[in-house]
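What follows is one structure encoded as structure tokens, with my remarks underneath.
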Amino acid sequence: MPNNTHNSPGIAAQSGAPSGAAAGGLESFRYDDGVVRLFAWATVIWGIVAFLAGVFIAVQMAFPAANLGFSFTSFGRLRPLHTNAAVFAFAGNSIFAAIYYSTQRLCKARMWSDKLSRLHFWGWQAIIVSAAITLPLGITQGKEYAELEWPIDLAIAVVWVGFFGVNFFMTLINRRERHMYVALWFYIATIVTVAMLHVFNNLWVPAGLVHLVKNGEMPSPELMMKSYPIYAGVQDALMQWWYGHNAVAFFLTTPFLGLMYYFLPKAAERPVFSYKLSIIHFWSLVFLYIWAGPHHLHYTALPDWAATLGMVFSVMLWMPSWGGMINGLLTLRGAWHRLARDPILKFFVVGVTFYGMSTFEGPMLSIKLVNQLSHYTDWTIAHVHSGALGWNGLMTFGMLYWLMPRLCQTELHSKKLAGAHFWLATVGIALYVLSIYGAGITQGLMWRAFDETGRLEYPSFIETVVVLIPMYWIRVFGGLMFLLGAILMLYNFIQTWRNRPEQYEEVVHQAPALRPAKETSEKHTLMSGDWHRAWERRPVKFTVFVLVGVAIGGLVEAIPMFLVKSNIPTIATVTPYTPLELAGRDIYIAEGCYNCHSQMIRPLYAETVRYGEYSKPGESIYDHPFQWGSRRIGPDLAREGVTNPSAAWHWQHFEDPKLITPGSIMPSYKWMLTSPLNFNDIKGRVDAMAMLGVPYGPLVVGDNAIFHAREQAYEVALEIQEQGGPPIADTQETKAVALIAYLKRLGTDLYKDPDDVNTKDPFGDYIPAASRMVPGDGPEDGSEVPHADD
Amino acid sequence: MRMTDLMSGAALSLFPMIGLVIFGLIFLAMTVRVLRSSNSEARRHSAMPLEEGATLARTDRTPRELASNPNAPERTDA
């Protein structure tokens with residue numbers, strides 16, 4: 001398998017140079033630029049897809065009918081597609097291109113296995129295509145940036161660790177350069193940490209497999225793809241944002257810093273400003289980042305100690321981040337005069353500047369008082385786009401403009417077009433983020449505004465939405481500019497590629513093989529610093545220490561959260577969702593409702609006045625996964641069952657939100673009013689939840705879960721009919737009824753009488769209606785009563 | 001005594017403290033390493049992206065062609 005060394009007698013004979021591991025211990029080898037070409041093209045193509053999806057859903061924010069009335073083009077389903085495409089397809093392929101190009105050169109070695117390189121490339125593209133198919137179909141775990149369902153999760157683990165990780169580390173082990181350059185450290189941190197985050201945030205029970213094993217019945221395709229995370233509520237929230245924040249850190253930051261430390265000196269033709277600073281930058285960043293996740297959960301039901309810990313470490317993170325930015329910018333010393341005429345340097349300089357701005361803003365937003373205003377508003381959206389478009393986007397473009405002519409072995413087709421791309425991208429980002437900062441701050445201030453009588457100045461949520469529409473249009477315009485720039489880049493690269501030579505030239509390089517590290521008799525004392533220099537030469541040892549460094553933060557936060565009882569005080573009246581509510585909850589997740597609605601009332605006066613009693617940790621102990629959300633494009637729903645319990649209202653609202661709330665930007669969910677609910681799947685859903693410890697008692701026996709769901713569906717349908725909605729026969733079999741049952745339940749547990757609730761066995765006394773009913777017992781309207789054998 | 005009881009008995013303020021102390025130690029160790037390292041070594045390392053290794057030869061044949069018939073004549077300009 002290894003193909004590190006290529007003996008080329010023909011070449012050696014003609015050039016008179018040694019070949020293979022010939023004279024003088026020199027070895028000749030070629031770099032595998034074919035795989036870099038593949039990843040570079042994939043970056044360009046997926047980038048355009050991601051930007052297009054972004055513009056499409058941005059238009060829907062201002063003009064909801066732009067979803068064309070299809071379920072698979074609605075905002076809730078496409079927003080995860082956009083984020084996954086931007087993060088894992090665009091940025092992912094970009095970092096792979098950077099890593100494959102620079103690792104080979106920094107190690108003076110070809111990638112260990114061409115086969116693994118190709119498996120990595122095609123495996124990753126297959127994962128992206130799977131995401132592009134499943135997410136619009138509503139197949140999702142409902143956890144931000146970790147939406148992909150369990151079979152795809154398994155594929156990610158295999159491709160990331162088995163193909164990419166093994167190939168990378170074997171290349172490091174077989175390198176010909178003793179010192180591992182700092183860019184490689186960032187790549188190491190990326191690979192091990194992303195693997196750790198992915199595994200721990202994606203521990204689930206697949207409902208379809210449970211159904212298959214328990215009942216011996218083949219589940220429906222929908223159920224087969226469904227899984228529930230093993231964590232619930234507060235613990236799931238901590239785990240998810242530990243993952244979510246560190247996905248930003250170790251997928252969108254550390255590999256791009258590696259990219260910066262390699263490609264910026266290349267483009268500037270200058271060495272890195274301070275290698276010593278880069279060492280401090282690396283260890284401080286890697287150690288601090290992992291702690292910062294809880295700042296996404298300020299004032300939520302997460303215990304205060306964890307949120308404070310996240311805040312403190314986030315603020316500390318500012319320093320290493322700026323150390324890196326300064327190191328990047330000062331690398332250009334002596335090359336600033338080239339900036340005006342070199343679009344590559346322009347991309348890099350503005351990209352690094354955006355890194356500095358984002359990493360100043362991030363710590364600022366993590367401060368609780370600032371977060372009070374910014375959380376759930378568009379401010380966060382502006383922040384992530386300044387990072388994703390400004391830092392990741394511009395760094396990627398800079399790298400591609402440097403790389404593509406070299407990969408195509410010709411000149412760039414047009415420098416002018418590259419310059420035009422730079423300005424379109426930069427002005428586009430500026431328009432995007434400035435308008436959305438405006439939207440975020442405006443809405444945040446409106447939510448908390450009180451009039452002189454002490455009442456909310458904008459009690460109707462919609463008042464705080466319609467005011468944002470002009471800013472949403474500016475965002476669309478900014479996004480279009482960014483997209484247009486990327487299309488220019490694609491055209492430029494296609495023209496460049498057309499000028500490629502008939503056959504790519506393969507450059508043969510030569511370097512001595514690496515001899516085993518010398519064991520010196522010197523003692524490595526702490527004060528000598530030699531111990532670290534020794535790690536820098538030993539990839540396995542170095543990797544282990546990086547893993548220990550990143551694991552400490554996660555463990556110190558997670559262990560107390562999972563083991564300290566006082567973190568999640570139980571509430572006597574909180575019981576599991578009924579089977580129908582559970583099915584409704586799964587529809588809520590599939591439709592991506594959490595992308596627009598939070599379920600977390602913070603203990604802030606403005607929120608309790610608007611939404612009701614603040615959310616308690618004990619209320620979400622059966623929430624696999626938690627659904628607290630991160631953005632309020634619509635109002636919070638944590639107490640929806642208390643404040644808005646009318647079934648007919650919800651039915652009509654799904655049909656035409658604008659009719660109920662003039663000015664609403666929620667799209668119509670008409671299809672849910674006619675889509676049939678698969679009652680048989682409910683059995684598998686309940687069984688999987690029971691496996692996670694949810695006390696479903698007799699509902700896991702036989703078809704009891706289905707009977708229970710049908711009975712409740714009938715009750716909800718009857719209520720819709722009684723409140724002036726369509727007749728029972730038109731509603732009781734639909735998905736909408738299940739979703740309404742779920743919404744009617746939200747936040748109600750707190751108001752139940754503890755004497756009426758058996759928390760240990762809440763369904764203990766359940767007997768299917770068919771067994772209870774006597775002949776002639778039924779509704780007066782003559783509609784069909786649910787039967788056990790339905 | 002279960003692990004849950006043990007952890008519940010420990011003061012929560014201990015956990016953030018542990019984190020800060022560990023970070024302080026790592027930061028200190030790194031600072032020592034950086035201050036003690038030689039400037040010439042740092043300068044050499046900082047220029048590593050600019051090196052690509054000695055170029056031995058150029059060939060316009062694909063790796064597959066080279067693998068199947070490495071001795072066939074070809075253009076070189078080393």
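Worth pointing out:
- If only residues of the stretch A:541-554 that are among the hydrophobic types (A, V, I, L, M, F, W, C) and under 21 Å from the mean Cα position of the chain (by Cα) are counted, the one that is surrounded by the fewest Cβ atoms within 10 Å (Cβ to Cβ) is A:Ala551.
- Qualifying residue in the stretch A:126-136 (condition: open to solvent by 10 Å² or more (accessible area, probe 1.4 Å), not polar (S, T, N, Q) and not in a helix (DSSP H, G or I)): yes
- As for the stretch A:341-357, it holds at least one residue that is under 20 Å from the mean Cα position of the chain (by Cα) and surrounded by 24 or more Cβ atoms within 10 Å (Cβ to Cβ).
- Tally, over the stretch A:474-511, of residues that are within 14 Å of chain B (Cβ to nearest Cβ) and surrounded by fewer than 15 Cβ atoms within 10 Å (Cβ to Cβ): 5
- When the test is whether a residue is modelled with pLDDT under 90, more than 30 Å from A:Glu607 (Cα to Cα) and either open to solvent by 40 Å² or more (accessible area, probe 1.4 Å) or assigned to a helix (DSSP H, G or I) (or both), A:Gly324 does not pass it.
- Within the stretch A:100-114, restricting attention to residues that are of a type outside the set (A, V, I, L, M, F, W, C) and not in a helix (DSSP H, G or I), the residue that is farthest from A:Leu172 (Cα to Cα) is A:Ser113.
- Members of the stretch A:295-336 that are closer than 18 Å to A:Asn567 by Cα and of a type outside the set (A, V, I, L, M): A:His295, A:His296, A:His298, A:Tyr299, A:Thr300, A:Pro303, A:Asp304, A:Trp305, A:Thr308, A:Gly310
- Count of the stretch A:622-633 residues which are surrounded by fewer than 22 Cβ atoms within 10 Å (Cβ to Cβ) and hydrophobic (A, V, I, L, M, F, W, C): 0
- Qualifying residue in the stretch A:581-602 (condition: β-branched (Val, Ile, Thr) and open to solvent by 30 Å² or more (accessible area, probe 1.4 Å)): no
- Taken together, A:Trp242, A:Trp204, A:Trp185 contain a single residue that is within 29 Å of A:Gly165 (Cα to Cα) and open to solvent by less than 10 Å² (accessible area, probe 1.4 Å), which is A:Trp185.
- Members of the stretch A:291-302 that are more than 12 Å from A:Val312 (Cα to Cα) and touching a Gly at 6+ places or on another chain (Cβ under 7 Å): A:His296
- Exactly one residue out of A:Leu604, A:Leu637, A:Leu673, A:Leu677 is in contact with a Ser or Thr (Cβ under 8 Å, 6 or more places away or on another chain), aliphatic (A, V, I, L, M) and within 30 Å of A:Trp242 (Cβ to Cβ), and it is A:Leu637.
- For the stretch B:32-50, the set of residues classified as facing chain A (nearest Cβ under 8 Å), in a loop (DSSP other than H, G, I, E, B) and modelled with pLDDT under 90 consists of B:Ser37 only.
- Condition broken by A:Leu252, with the remaining ones in (1) within 11 Å of chain B (Cβ to nearest Cβ); (2) in contact with a helix residue (DSSP H, G or I) (Cβ under 6 Å, 6 or more places away or on another chain) satisfied: (1)
Residues checked against (1) of a type in the set (A, V, I, L, M); (2) away from chain B (no Cβ under 14 Å):
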residue	(1), (2)
A:Leu555	yes, no
A:Met561	yes, no
A:Asn567	no, no
A:Tyr577	no, yes
A:Ala583	yes, yes
A:Ile587	yes, yes
A:Ala590	yes, yes
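- Filtered residues of the stretch A:276-306 (kept if facing another protein chain (nearest Cβ under 7 Å) and either among the polar types (S, T, N, Q) or open to solvent by 10 Å² or more (accessible area, probe 1.4 Å) (or both)): A:Lys276, A:Ile280, A:Trp283, A:Ser284, A:Trp305
- Residue satisfying all of: in the stretch A:445-473; among the aromatic types (Phe, Trp, Tyr) and outside any helix (DSSP H, G or I); surrounded by the fewest Cβ atoms within 10 Å (Cβ to Cβ) among these: A:Phe450
The values are calculated or read from the model by the stated rules, or taken from the named source; none is laboratory data. All values derive from a computational prediction rather than experimental measurement. With ideal geometry, Cβ positions are generated from the backbone for all residues, glycine too; neighbour counts draw on all protein chains shown. Ligands, DNA and RNA are excluded from the accessible area calculation, which covers all protein heavy atoms including side chains. Shrake-Rupley method; radii C 1.70, N 1.55, O 1.52, S 1.80 Å.
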